[in-house]
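Take a look at the structure below.
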């Protein structure tokens, strides 16, 4: 009986921790023109660490890496998402970000 209550309390605690970390991960992150992307990049990396399978967060990270000036990291992230895409929209989004990165490189 005692172990059952202990196990139930552990499950409740795990659910609370999951809810708290997931809630932080879905906080909107925006890149405003003219603003330094460093803060947003740090938040995007944290969110990606919490939800590594979320393609939107990964592609946002790639865009922020590019805005931060790290084209190689941005390209690696976008290529990784192209290879991991599980649906046609995810693949198209990843290819679009990769094209933006390559276009940025040809301009600069």
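What follows is calculated from the coordinates using simple rules that are stated; it is not laboratory data. The model shown is predicted, which means the values in this text are computed figures rather than measured ones.
Using the Cα gyration tensor of the stretch 28-107, with a ≥ b ≥ c the square roots of its eigenvalues, what is the shape: rounded (a/c below 1.5), prolate (a/b larger than b/c) or oblate (neither)?
Oblate is the answer for the stretch 28-107, as a/c is 1.5 or above yet b/c matches or exceeds a/b.
Over the stretch 28-107, what is the relative contact order in whole percent, taking alpha-carbon pairs under 8 Å and six or more residues apart?
Reported relative contact order: 23 percent.
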